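Quick note: the coordinates plus some simple rules give every number you see, no bench work behind them. Please read these numbers as outputs of a predicted model, since none were measured by experiment.
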Amino acid sequence: MGLFDFLKNDSTEMKIRRKLASAFDDAVNDVVTSSESKGLIDNPMFGGLLVQGAIGNLYQSLKNGDEASMLSLMCSREGLDYHTILDEECNKALDKYLETSK
């Protein structure tokens, strides 16, 4: 593997991470701005559940949905582990949007 292959992998991984982070942001934004969640989103308990549900729903879709095998194959061709990247980006989204008692 040459130097340029390493740079290609890094840029591919960063593109995938940015796309996943953007998808999680969009999922949270959709639930926050949804007319069905008005009134609930301001409640710390229900708002947190709605946000966690949006992130979890997208995670499951990206892990088990139709796109998952295609994304996994694309990543494996680049020497990347799609499921590890997905797990890391999901955890980043959870940390970003939810208060945790660490």
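Fully extending the segment from N29 to K15 would add 3.0 nm, taking 0.36 nm per residue of separation and subtracting the current Cα-Cα distance. For region 54-97, the Kirkwood hydrodynamic radius comes to 10.7 Å, computed from all pairs of different C-alpha atoms. In the chain, the inverse of the mean reciprocal separation of distinct Cα atoms equals 14.9 Å; this is its Kirkwood hydrodynamic radius. Extension gain, N57 to N43, is 3.0 nm, computed as 0.36 nm per intervening residue step minus the present C-alpha separation. Scanning the chain for DSSP H helices at least 24 Å long along the axis (C-alpha atoms) with a Kyte-Doolittle mean no lower than 0.0 picks out 44-64.
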